[in-house]
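Report on one structure; see the data block that follows.
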Amino acid sequence: MRALAVMLLLVTVVGCKCKPDVVDPVKLGFRVQPASLDFGRVLEGDRKTLSVTLSATSTVTETITVSTTTAFSSVSEVELPGGGQVPLEVSFFAGNVEVDGTLKLTVGDQSTEIPLHGIGVRPPVCTPSKECVSSMYDLESDQCIETPLADGSDCQPSSVCLT
């Protein structure tokens, strides 16, 4: 019992370094707003861009190295002037799956990570139900929407009764 108590004390005092240190961005000299980015649903093959704002917490200009994980991209470096703010754009290139990633911001040998999330949506094939309408997938409603073709359009009739 005594050996278990000593071991627990050592683990508590020494700690476990099972993954790289992720530092609070304020300790790196800036704040990040928002603290995560959710790109929502994006059609496969499309790109959606959102941004975070980096706000300096000191008067010293910082060079921040930027990296992202698969399906997301950004510039590789940003200069944050002391006392200033800089928007940092992050893009999501949608495939046809849900993706979680990170935006890693590094100053010197310390870094912080911002969670990223996006859902790539493969649209279904939309076939018109009748002549003289077009059918297109609508991401927001998650269904095919039919609209009448403009006057004078070639309707390609499938029946001799259509005039």
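Between Q85 and R41, the distance separating the two model label sites (each 7 Å from Cα on the Cα→Cβ line) works out to 3.2 nm.
Here the spin labels are modelled as points 7 Å beyond Cα on the Cα-Cβ line, and at H117 and Q33 they lie 2.2 nm apart. Within the same chain, aspartates and glutamates fewer than 8 places from K104 are excluded, and of the rest, those with a Cα less than 17 Å from its Cα are D21, D24, D38, E62, E77, E79, E89, E113.
Ordered from highest to lowest accessible area with the whole protein assembly present and a 1.4 Å probe, V75, V52 read as V75, V52.
Evaluating 6.51 cos²θ - 1.76 cosθ + 1.60 at θ = phi - 60° for every residue in the range 121-137, the Karplus couplings come out as 10, 7, x, x, 6, 9, 10, x, 7, 7, 6, 6, 10, 10, 10, 9, 6 Hz, glycine and proline recorded as x.
Full extension of the segment from D100 to D24, taken as 0.36 nm per residue of separation minus the current Cα-Cα distance, would add 25.3 nm. Accessible surface of the range 58-106, 1.4 Å probe: 50 percent of it comes from carbon and sulfur atoms.
Label-to-label distance, S134 versus D154, with points set 7 angstrom from Cα along the beta-carbon direction: 1.5 nm.
The values are calculated or read from the model by the stated rules, or taken from the named source; none is laboratory data. Given the structure is predicted, the values throughout are model-derived calculations rather than measurements. When we count neighbours, we look across all protein chains shown, and the Cβ atoms used for this are built from the backbone with ideal geometry, even at glycine. Areas reflect the complete protein model, heavy atoms only, side chains present, ligands, DNA and RNA absent. Shrake-Rupley method; radii C 1.70, N 1.55, O 1.52, S 1.80 Å.
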